[in-house]
Each structure stands twice: as C-alpha cells, then as structure tokens.
Amino acid sequence: MTTSHDALRPRRSVLYMPAANARALEKAKSIPADALIFDLEDAVAPDAKDTAREQAAAAAASGEYGQREVTIRCNGLDTPWGEADIAAAAAAGPSAIVIPKVSGLDALGAVADRLEAAGAPDHTTIWAMVETPQAIFAARDIAGFERVSVLVMGTNDLAKELRAELVPGRAPLYPHLATALLAAREADKVILDGVYNDVRDPEGFEVEARQGFEMGFDGKTLVHPDQVEPANRIWAPSEEQVEHARKVIAAFEEAEAKGRGVVTVDGRMIENLHVDNARRTLATADAIAALG
C-alpha cells in the first residue's frame, strides 16, 4: 500500500498536537511542519477524550491544513476509547491513524479489521508506534504489515519499559533504534525518530536530531512548534549537497555514454550506490520544494 512516491514524501518534522485543545488545532494550520499528529492518547485527559475525538475528526476532514500530512493518534484497543477513536478516524479519512504500543501482527490485524469495517479509505494507512520490548522483537513483522506505511519510535515509553535512562546520546536505546531502522529499511517503509522532551534545550534537540538523521531516520516526531525549523533544516539536503548530486549524476551519465568504466567527481571514485544516493537527494529536494 506504500508507494515509492509516498516513501519520498517529506516527513522531516512531525508535530504532536493535543486534539482536546481547539486553539492548538487552529494554530497548527500555520505551523510549517511536514506532518501533524492530532493526539487523542497521552496528551488528553480521560474526561476530554470524547471532545478530542470529535475535534480531531473534524479537523482531519476539514481540508484546511494545506500540504501538511494529517494523522490521528488513537487510543489503543485495550482502552475504553480505542474502538470509537478508530471508527471516528476512519470516517474522517486522514492520511493515517497512529497506533500506540503495537505489539505485533495480531494487534495490527485487529486495527486493520476495524478500519475496514468502518469504511476507511484506502489512503488511510497505519503508523505503528514501536515503544515496547514486544515491538522491538516484532519489528520485522510490524514493518512488513501491508497497511503499515510508517514506523514511529516511542522513545519515552521504550525507555520506561526497559528501565533505561534517557541520557544525552541515547546510548541505552541505540541498539533498539537500530533494530527498528533495520526492519523499516528491509520493508522499504518510513521510520520516524522519537521526541526530544526538553523544549527549553534547543541545542540538545539539534544534537539528537542530527544523530537521528545520521542514523538514517526519515524525520523526527516533535512536541513543540519551536522544534519544527531545526528538524526541517537538518533533514533537508543543503544547496551544496544538491549541486554535488547533480555533478555525480552528470558525470556518471557522461561516462556511460562514452563507454568509460571509471567515473570520478572531485577526485573521488563514483559507483552505482553514489548515483542512487544522488538521485534520492534530488528527489528529496524536489519533494520539499513542492511543499511550497
């Protein structure tokens, strides 16, 4: 269900917005995030769940968020609100529903069955949150599930379940982040890094976001609008990278046309993998530019 075009859709900055807060939903229309998650779960008190569900569904169906990808994070099916959340989201038809604490294929099957029963459009995929030991062990199954288009790291809950400390550099979580990344790449699915909690520490955010980018994540989930700009910048090719990509492709195509077996750019040998990376860089830059 995930197409190559969808995989290249920019998801550099994916901002959680509390769906019980009508002002936050309105403000989200002007925030330059690539994607929004209208949250019905952690950010919403039990007595506000019904209001949040109604407001999230109305916002997702409104068409008022421009090029931003709109998703709804539902409560789990093991809660009193999960069934109603999925039914409301299915009717609203967002880009995806975000499901917390996915444990494996059975859990995903139950969600997919309810989406289908509620008449969800085909374009409404599942973003599966990887935030438990069960999810890490089942990462390949989760990533390979047909309706799953994106894996979302839930680093706060994962650290809690592991009894690990959230420390600078995230060394306790590093092997688990890498495991989920491997599963996503094997299945050719998008994967998003977890949130950075301290909104008063922009330098710490940049360091962690840069780490996520260098690891290979496709973007980062965010908890504050101030984190959008640095995430967008870190996950966007620079002008120098775009120019280098063009040089690589041009040199490779010229060498092919002349039957040369050796290609160099700026003194470095160029192989097929460099050309593939260059083409992806240009495709990413074009997709970002298309957002306007």
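Might you work out the accessible area of residue 78 for me, using a 1.4 Å probe with all protein chains in place, and round it to the nearest 10 Å²?
Per-residue accessible area (residue 78): approximately 140 Å².
With unit charges on the beta carbon (Lys/Arg positive, Asp/Glu negative), name the residue among 178, 196, 159 whose Cα is farthest towards the positive pole of the charge dipole of the chain.
Comparing the listed Cα positions along the dipole, 178 ranks first.
Using a 1.4 Å probe on the protein heavy atoms, what percent of the accessible area of segment 91-159 belongs to carbon and sulfur?
Ligands and nucleic acids excluded, carbon and sulfur give 49 percent.
Which value, in Å³ per residue, describes the convex hull spanned by the Cα atoms of segment 106-179?
Convex hull of Cα atoms, per residue: 91 Å³.
How many percent of Cα pairs in segment 14-124 exceed 21 Å?
Roughly 28 percent, once rounded to a whole number.
Once you have all Cα-Cα distances for segment 162-292, histogram them in 5 Å bins from zero and send the whole-percent values.
The calculated distribution, bin by bin, is 2, 9, 16, 17, 16, 15, 11, 7, 4, 2, 1, 0.
Which one, 45, 139, 180, has the greatest fluctuation when you compute a Gaussian network model over the chain with C-alpha springs under 10 angstrom?
Of the options given, 45 has the highest mean-square fluctuation.
Can you give me the accessible area per residue for the chain, using a 1.4 Å probe, in Å²?
I get 49 Å² per residue for the chain.
Which of 193, 218, 266 moves most in a GNM of the chain, Cα contacts under 10 Å?
With Cα springs under 10 Å in the chain, the top fluctuation among 193, 218, 266 is at 266.
For the peptides 24-36, 48-60, what is the packing order when you average, over each peptide's residues, the other Cβ atoms within 10 Å and list the highest mean first?
48-60, 24-36
Might you report the magnitude of the Cβ-based charge dipole of segment 146-243 about its Cα centre, with Lys and Arg at +1 and Asp and Glu at -1, to the nearest 20 debye?
Roughly 440 debye, rounded to the nearest 20.
Largest first, what is the accessible-area ranking of 191, 136 with a 1.4 Å probe?
Largest accessible area first, the list is 136, 191.
Just how large is the dipole of segment 59-148 about the Cα centre, in debye to the nearest 20, putting +1 at every Lys and Arg Cβ and -1 at every Asp and Glu Cβ?
Dipole about the Cα centre, nearest 20: 200 debye.
Using only the alpha carbons, work out the radius of gyration and Dmax of segment 155-208 in angstrom.
Rg and Dmax of segment 155-208, Cα atoms, are 12.2, 36 Å.
What accessible area, in Å² to the nearest ten, does a 1.4 Å probe give for residue 247?
80
Name the residue farthest towards the positive end of the dipole of segment 103-256 from the options 145, 230, 135, assuming +1 on Cβ of Lys and Arg, -1 on Cβ of Asp and Glu, about the Cα centre.
Farthest along the dipole direction, towards plus: 135.
Scaled to the compact-protein estimate 2.2 N^0.38 Å, what is the alpha-carbon radius of gyration of the chain, rounded to two decimal places?
Output field value: 1.05.
Calculate for the chain the 222 nm mean residue ellipticity that helices alone would give, adding -39,500 (n - 2.57) per DSSP H run of length 4 or more and normalising by residue count, nearest 500 deg cm²/dmol.
Result for the chain: -14500 deg cm²/dmol, rounded to the nearest 500.
Taking every DSSP beta bridge with both residues inside the chain, roughly what % is antiparallel (nearest 5)?
5
The values are calculated or read from the model by the stated rules, or taken from the named source; none is laboratory data. Only a predicted model underlies this, so the values are computations on that prediction, with no experimental measurement involved. All Cβ positions, glycine included, derive from the backbone under ideal geometry; neighbour counts span all protein chains shown. Just so you know, the surface numbers come from the protein's heavy atoms only, side chains and all, with ligands and any DNA or RNA stripped out. Shrake-Rupley method; radii C 1.70, N 1.55, O 1.52, S 1.80 Å.
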